Each structure stands twice: as structure tokens, then as C-alpha cells.
Amino acid sequence: MKIKLFEPEPFRPAEAREKIDKSHGLHPDDRYLKPGRIPHIWCSGCGLGIVLTAFIKAIDGLQIPIDRCAVVSGIGCTGRVAGYLNMDTYHTTHGRAIPFATGLKIARPDMEVVVFSGDGDLFAIGGNHFIHGARRNMDLTVLCVNNFNYGMTGGQSGPTTHMAARTTTTPYGNCEYPFNLTHLAFASGAVFVARWTTFHARYLIDSIKKAFRKPGFKFIEVVSPCPTGYGRPNRLGSGLDQMKVYRDRSEIRNRIDPIEAPLELSGPIVVGEFVDREKPTFLDRYREDVMSKVEKSRQSASPPPAQAGQESLSHEHAIVSQSR
Amino acid sequence: MSRDREVLAGEHFLNGDEACAEGAIASGCRFFAGYPITPATEIAERMARRLPEVSGVYIQMEDEIASMAAVLGASWGGAKAMTATSGPGFSLMMENIGLGMMMETPCVVVNIMRGGPSTGLPTLVGQADVMQARWGSHGDYGVIALTPASPQECFDLTIRAFNLSERYRMPVFVLSDEIVGHMYEKVVIPPASSIKTVKRPKPRKGPQDFLPFLPAKDLVPPMACAGEGYRIHVTGLTHDEQGYPLITAEAHERLVRRLCDKVRVHAADIVEVEENGLQGAEVVVVAYGCSARSAREAVQDARSAGLKVGMVRLLTVWPFPEERIRALARKGVRAFVVPEVNYGQVAREVERCAAGRDVLLVARMGGAVHTPEMILEAIEEAARG
């Protein structure tokens, strides 16, 4: 077979650099944003900007070194968060951010690994990974922006869509029951579970900070307006109208059993830090229950001492050591 | 820690699965994410026992989708990482194998092939995932797949798979089969000092000037892993040389052509075949994996009977050794005989390169490999013309 190819335009680094120089660095938060990536793709009135800013404020407040942070996201509007943050960011496949982050965290236990994704990504296609990540108590912070629909594809129903709500795939109203994400997270083993709306930006920042300081599987749900995908068909008004609803209808109830935390379309919205408990993480247990046994059997077997001049391969490749 | 925990130098009696695991550990693999599946489970079992001994981590994921995702994450964390599965799991991995190709993530995926489609023959042999390995995930990308025919080769080719994956920054497949995976033979593990391992290319520039997907001359971009200060974005979307999403035909043309070409232009470096008795051969048997073992005996018998028969055994099935087959077709080989445990996958590739010479597929649907007699009969038929 002969092949006829067409020469594409080459990449012009100078042009990319110029765009960065022109637009980057004007805003104080720009050091947390990838050069040349703003403006973002989100609709006006969307809550994602608030959540992104809250995340930045939390990192800034804790003074976590950027190079010790990695963000992993799935697919969808929230999945695009990764691409805007100026740190090591991985925009993976739909639903698979948690298992990708699991591998990353195990290989780099010294890094803060954050999963940033939407309700459809984390709880429909990725639901199995979510419950297993929580069960293992993988040391991850999972931020779920819940806008009750698939925004990127144009407003279809998902696992959190309210009963009777209209979306492009529920034109007669949704006939399925939605998940209570915080209850699911709690039941699956998460050590920290919180729910806020985009109206509760300061509470959200505090909860993200708490999550960062706590080892284990931490889950924060952020209820967010989607005026384009969910607001319009359900006559919820603009993003600002939704913020007013969050202000008027939400009730802060910390430390309650998340099963008692409703999140309704026209009823109460219960928010707060519901769960905060201690449990060794996956890697803690791996070190204590697995590595220590290997170490013990090694000592009792008293292996021959390493020969002089042999550098240790394990030192080079080791990814988990006995002590942190 | 001395090296003898990591590389168990010496003579062993291992099955192919266990030899794969030892090859991985000898290559420096320190992360394995997997899900139990016959006939690949012994790899996971061996890794679960061995990895803690070498300060590595075995994690059993909730499915093969998660296993593949975790392997990619660990690789971006700087670890050499592997998973192992069989057909049904390989199907599930396809999604994140595509992500691995797009993100140019070094790792190794072992597929111990069993009979398919679907659940098929969990405990019995198949070789029908060859085309799935080549085309299984959507979109275009280059593929490297190695086909061991013995436990010793499972060890050797797993090391080679790691080296190729690090060299070319991509998931590399070890395509073995139930017979080779479950067969016990002598495996000689050489001392660590004589095992050559390759590491992924690293950036030479500082973060300020580094373009994470700008390839070197060899079409492979240096790789900045997590926490190394480069703050890069890595995405499954079509991206430019900065790593930023760019949804244009131009960006796609540059990226996808390179993902294919980085394998295509290095085919000579990647392809390995074992040739036997090709001088003056009129019939050439092209075989791989378990069927190559029967073929070897059939070729010997045919030669004893005076037939001019040679054999090409594929150690690399992707990229396909097309230049080798073309050269043989030009040199007067009259017919090719291709035994495989499927209804014709490698045989199609041979036919594509055979320039009109006869190609005789010796097909078995799965569950058993050919007897040497079956292949001998095919050789005799091909020789008669």
C-alpha cells in the first residue's frame, strides 16, 4: 500500500509562548493556573469557577507546595478542572479518575492526590471505583461537583437527577431514584464526608483544608448550579437564582447521619460536615499488615549479607518503605 | 537489601505465568494492579507474594478497567507498572489502553490468551486476541506485542516488553497463551548484572522551557513524571506539544501520526523473529506461541521426509514482521503455512505480505493446540501446490 499524507501546520512554540506572556500573570491566583489556559470553557452562571477558586484558596491557605500536589479528573465539565490547575494534572477516561489516582498515590505516597470530577463521572460510570476506593480507604481527596445532570453532552439525566426533573433524556420527568452521595460515601467507608453548595464557599474552603490534613478517603460533594443543562428545563432560573435558593433553603447540620441529609429539587438542602472519623489508610495497612510480615520472615531467615559493591536495585525502584 | 531477592538468579522450574512475574520484577516492576482471571491468575498470585519482598505494591482492583487505570497512574508516579489478564479482562482494559497510548505511558500488559469470544474457554487455550491487541481500543496508534513460546521466553520477553515500553513510552503487550502460561519448564534467571533494563527518556530542559509532548528526533517525547516540578497537563483529549487540549484537525494529524510512526519507523529495532531452515525453502511455516511448538516438530518431520520447509517463529507479532515475509515471498517461497489457534489472524497478515503466494491457514478454534501431525499434513499439502 502506498500512503499519501498531508503535512499539518507545525506547532509554533513562539506563538504559544506569546499567548502565555500576553494573558498570564495578571491575576493573583494565576500562579495556581496553567499558563495560557484561561478563558475556561464553562457557561456563565456555572458553579465550577467557585469550586476551583475554593480549591485554590484551600491550597494557598495551607501553603501546600504545588509540586507536592496532583489532580486527577475524569470526563465532563468538572473533568476540565484538571487542565486549568498549574500542577501535575491528569485528565483521564470517563469514570476512571479514582483508580488512576490510586496508582499515582501508591507510586508517590508523598504527594497529595486529589480527584476532581462530576456526579455522572464519579457515580454512574465510575460508581464501582468510588465505592472500592472508599472501602480500601485510599488516601485521596475526592471533590464531586454535583450539578444533577450531564452538562458536557447537553443536559442528560444522571445518577443524582431529582425525581420528576426534566432533562433532555427525561422529557416526561425523571422516573428513577437518585443517589444520596454522602450516604453512599459514608456506607462505603469514607473517613470524611461533607456536602456544601457553591453558596457556602467559605465552608467549602474549610472542608477542603480539613480533607487535606486528614489521611484516608475524603469525600466532599459540592452542589452546583447548571443553568444551561439543568436550570433551563426545570425553570430554576439563572445561576444567581440558584445561589439564592441555596441560601434560602439550605440548612447546616454537622455530624448528622448522611441518611438524614436530603437534597431536594424544591425541598430542603441539608449541608455540613457529616462524617469525620479515623481509620488507617490502604498504605498504612499495607505497611503494617504486609510489609512488616515480609520483613519479619526475612529477619528470621537471616539471608546472606549483601555483597560489597552491589548497589541495591530495590533502593532505586522501591515505592513503599516501612516507615513514612 | 541484596539483589538476590529481586532477581532470583539461578535455575528454576516455573510455569509461564510465574516466569512473567519474575521477568517483571527483574525489570524493576514495583507496581501490579490486577483482577483474578483464568489462566493469568498465577501472575497476580506471584506478584502478590513477591512485590512486598522488593518494596513494591500489589493491589487487587475491583475490575480490569480499574487495574489498567491504576497501572497508568503508577507509571506517571514514576514506577514501572504491570497488569496481567486474559481475553475478557483484556476487553475491559481496552479503554485505558487507549488512554495509555494517548498519554504515552510506559507499562506492560500481559494477556494469557484463552478461547473466546466472551467467557469462552476459561481453562483452555486460544490465540484469538492477536487482532484485538492490534486494533482493540478505538482510534489509530502503534502497537508492540511480543509472543513467547516457553516459560523461559515469558521471562525474557517480559523484560523486553518493559524495555520497549520505557524506550517508546507506551503500553506494550505480552501475548502469551494458556498452554505456555500453564506449562512448567526450566527457566534460567541470569544474575542481575547481566539483565539490561531501560528507563524512560527524561527531560533535559527545566520546567520553564519544557514542552511535554514535543518529541525528540526519534518521535518519543521525554517524560516528566508527577512531583518532578514540571507541572504538566496530561490528557486523553487530542493535545498539542504543550499537552494542552486542542481539538483541531492539525493537532490530531501531528499527534496521531506520531503515535503510529514511533512504532512504524522503529520496526527494525522492535521486531524479533527466529528463523530456521529458510535456505532453499519452498514452504515456510509462520508460527508463534504454543502453535510454534507443534510447528517446530512438524517442520523437523517434514525435512526428514525430504521436503524443503523452513520456519519463521514470531517473537514479535506487532509490529508485524512484514519486511521479512515480503523478502521470503520474493526469494521464491511457494507457500506459507500458518498454524494458529483462531480462524485466521496472523495468517491474514502473512497473506498481505505474501505477494500472491499461497497461504495455508491451519486453524483451530481453541481449546487445544494443533498436533504436529496436523501441521505436517498442511505442509505436505502446501508442498504439493
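Taken together, the values in this text are just the output of simple stated rules run on the coordinates, not laboratory data. Keep in mind that this is a model prediction, so the values were computed, not measured. Neighbour counts are summed over all protein chains in view; Cβ atoms, including those assigned to glycine, are modelled from backbone coordinates with ideal geometry.
Observations on the structure shown:
- Test item: B:101-108 mean partner chain Cβ contacts at 10 Å: 1
- Translational diffusion coefficient of the stretch A:59-164 (Stokes-Einstein, Kirkwood radius from Cα pairs, 10 °C, 1.306 mPa s): 114 µm²/s.
- Here the 3J(HN,Hα) profile of the stretch B:160-165, calculated from phi with Karplus coefficients 6.51, -1.76 and 1.60 at θ = phi - 60°, is 5, 4, 4, 5, 5, 5 Hz, Gly and Pro shown as x.
- Mean partner shielding of peptide A:11-19, defined as the number of other chain Cβ atoms within 10 Å of each residue Cβ, is 3.
- Estimated FRET transfer efficiency (A:Tyr177, B:Arg264; beta-carbon r; R0 56 Å; 0.05): 0.60
- Between the helical axis of A:48-62 and the longest alpha-carbon principal axis of chain A there is an angle of about 40 degrees.
- Cα-based reach from A:Lys214 at 14 Å (exclusive), listing aspartates and glutamates while leaving out same-chain residues under 8 positions away: A:Asp110, A:Glu112, A:Asp139, A:Asp206, A:Glu273, A:Asp276, A:Glu278, A:Asp284
- With the helix formula -39500 (n - 2.57) applied to DSSP H stretches of n ≥ 4, the protein assembly as shown reaches a computed 222 nm mean residue ellipticity of -10500 deg cm²/dmol.
- Between 0 and 90 degrees, the angle of helix B:64-76 with respect to the longest Cα principal axis of chain B falls at about 60 degrees.
- For a straight C-alpha distance cut-off of 30 angstrom, the lysines reachable from A:Lys2 (same-chain residues fewer than eight places away being disregarded) are B:Lys217, B:Lys262, B:Lys331.
- R0 of 25 Å, Cβ-Cβ distance B:Ile247-A:Glu18: FRET efficiency to nearest 0.05: 0.75
- Averaged over peptide A:275-284, the number of partner chain Cβ atoms lying within 10 Å of each residue's Cβ comes to 0.
- Amide hydrogen neighbours beyond the local backbone of A:Cys77, cut-off 5 Å, H modeled: A:Gly151, A:Met152
- Above-threshold pairs, the threshold being 31 Å between Cα atoms, out of A:Lys209/A:Lys296; A:Lys34/A:Lys279; A:Lys209/A:Lys293; A:Lys4/B:Lys308; A:Lys22/B:Lys205; A:Lys293/B:Lys205: A:Lys209/A:Lys296; A:Lys34/A:Lys279; A:Lys209/A:Lys293; A:Lys4/B:Lys308; A:Lys293/B:Lys205
- Scaling against 2.2 N^0.38 Å puts the C-alpha radius of gyration of chain B at 0.99.
- Normalised radius of gyration (Cα atoms, divided by 2.2 N^0.38 Å) for the stretch B:274-384: 0.93.
- Charge tally for A:Ile41 (other residues, Cβ to Cβ under 14 Å; Lys, Arg +1; Asp, Glu -1): +3.
- Bins of 20 Å, starting at 0 and running to the largest distance - Cα pair percent for the protein assembly as shown: 17, 46, 29, 7, 0
- The amide H of A:Arg232, built 1.01 Å from its N in the peptide plane, has no neighbour under 5 Å, considering only residues 5 or more places off or on other chains.
- Listed peptides A:108-119, B:111-122, A:288-299, B:18-29 by packing density, highest first (mean Cβ within 10 Å): B:18-29, A:108-119, B:111-122, A:288-299
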